[in-house]
1. Just want the ordering: T431, T283, from fewest to most Cβ atoms lying within 10 Å of their own Cβ.
2. Using 20 Å as the cut-off for backbone N distance, which residues of the stretch 462-479 belong to the label zone defined by a point 7 Å from the Cα of Q451 along Cα→Cβ?
3. Between E123 and T198, what is the label-point separation in nm under the 7 Å Cα-to-beta-carbon projection?
4. For Q250 paired with E186, estimate the spin-label separation in nm (one decimal), with each label point 7 Å from Cα along the Cα-to-Cβ line.
5. How charged is the neighbourhood of E255? Take every other residue with its Cβ under 14 Å from the Cβ of E255, and add Lys/Arg as +1 and Asp/Glu as -1.
6. Go ahead and run the numbers for FRET between D336 and I207, Cβ-Cβ distance against an R0 of 25 Å, rounding to 0.05.
7. With a sphere of radius 14 Å drawn around the Cβ of G447, what net charge do the other residues whose Cβ falls strictly inside it have (Lys, Arg +1; Asp, Glu -1)?
8. Kirkwood Rh, Cα Rg: Rg to Rh for the stretch 227-365?
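Each value in this text was obtained by applying a stated rule to the coordinates, not by laboratory testing. The model shown is predicted, which means the values in this text are computed figures rather than measured ones. Neighbour counts run over all protein chains shown; Cβ positions are idealised from the backbone, glycine included.
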Amino acid sequence: MENRRKKKGLHIIKKLTIAVAGLIVAVSLGIFVSPTFASYVNSLFNIGKDSYEGAKIAAEKGFSQKLDMKVMDKGITIEAKEILVDSLALAVIIDAKDQNGKKISPNDLLQGVQKSILTDKSEKKQFESTEPDDSNWYPTDSDWYSTQYGDYIIFTRNMEGVFTEQNPMPTEMLVHLTFNKIGNIEGKWQLKIPVDMTKANVATKLISINKKYTSPQGVSLNLKNIEIFPSATLVSVEAKQTKELEEKIQNISKEKGFRGDFNDFKEGDDLTSFHAADALKNTGFAYQLLDERGTVIAGRDDFGVPKAIGIDTGSMESGYVQSNYTFRNSFLPIRDTKKLTFKLHAIYTNEVTDFQAKLNLSNLSRKPFTQKDTFGNTFTFKDFKLKEWELNNVDASIKEKIKVKGGLITYEATLAKDIMSTDVWSVKDETGKVHQVYSGDYLVAHGDKDQTLVTKTTKDENGLVHIEGVMAIEDIEHQPKELTLSYHTVKKQHRDVDWKVDIPLGK
């Protein structure tokens, strides 16, 4: 996200945050599809084994139920074909055909959803999320996340944040799906799908742990609990900075002139100091789960670290933030294991650095420029060329593409010991104008077919990170005489941690 800073202003950052959060939850919910769904949706499991393996395991244990529920109006029949029942989520696969047996377009079916709710058996009580940000409720005006797979629609309802000890999940519930328009045909199609949660609730287990540890850097961790569901295992870890670390970061930001308050900026301002202040506030961690034989079966590595240099995270499927400080990670169901060991692998902090490289662009390809920072990170800038590209609009209401002309700088880097990445880049031309900086991967991810833009990150036998990449610099109409590149923070890995927690799982 920090590489997607747009000149439209500060509100875009919030929109990106919401979009990414929604994407993460959607990926998390995507696992709840039974293997028998594959008989309807041939491409469902061709996307990737791990994405649906947890749901396959749940279905093998009998948590998938065939449905034979149909409703017809105006010659169109809507059918609920199957449901996967899990205390973590419900997933219903829906099909629709016209009077001639021709399948209705999934787009027409999705646009016709008027209402989708979850109630008790009596239909007197509707269940809603109690999460403050209401992040578990999805599109149109409904409570469900809907996904198209081939010719079918799958409605998925995340159950987290809905039920508590004071408001427990009932044994029997009803899924209500109401459609009022299919394509250009108006009508009323109502499905009431009964759900029996008995088996799923028996298979659901919450193991409270609440073991705490504070790292030498001042990061406080609390291993809160492990939740075992038919289709997934969730691990919750609370991570906070100690008061001493927060004060240290505040003093560094003040000393460097970083400003961490949105209100300090107006549209069009250079946001470098804001992003630098924000980076310092962010810390990360990595852990692994070991079975009784010491084999790694799951884990989490900080999201900012490339996979090529991260730890083995085994069967991790997704991760997301439950609140400001609690990180919940989803893994494949843990089977045939009576005891787990939680092992902290590393702590990550973002630290300031003073790096500047003044590049003479006229002869850069003939005479590459090399520069080091105070940590010992070494960058060599090898080439510059002009390019035009299109940026995806953050605001979906804006239809036209934003075309940008800028520059591409090819570089190589060797990072110092324990440094995993550099961030908060900025560029100034000879007039003092600040330009936005992006990774070349950003352009590839948004449709550029030039694979030479893809950044390659590796780790050598000494543990040093090597990078071969391209950075894109926005709003350059003509080649400047020179550019001054800077980055302001580095991500540092700390391995001086020693924390293990044994977790008996019982039967």
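1. So the ranking, lowest neighbour count to highest, is T431, T283.
2. Within reach of a label on Q451, which here means backbone N under 20 Å from a point 7 Å along Cα→Cβ, the stretch 462-479 contributes 467-471.
3. Each label point lies 7 Å from its Cα, and together they span 2.4 nm.
4. Result for the modelled spin labels: 5.9 nm.
5. Combined, the nearby Lys, Arg, Asp and Glu give +1.
6. Using R0 = 25 Å, I get an efficiency of 0.90.
7. Surrounding charge for G447 is -1.
8. Rg/Rh: 1.10.
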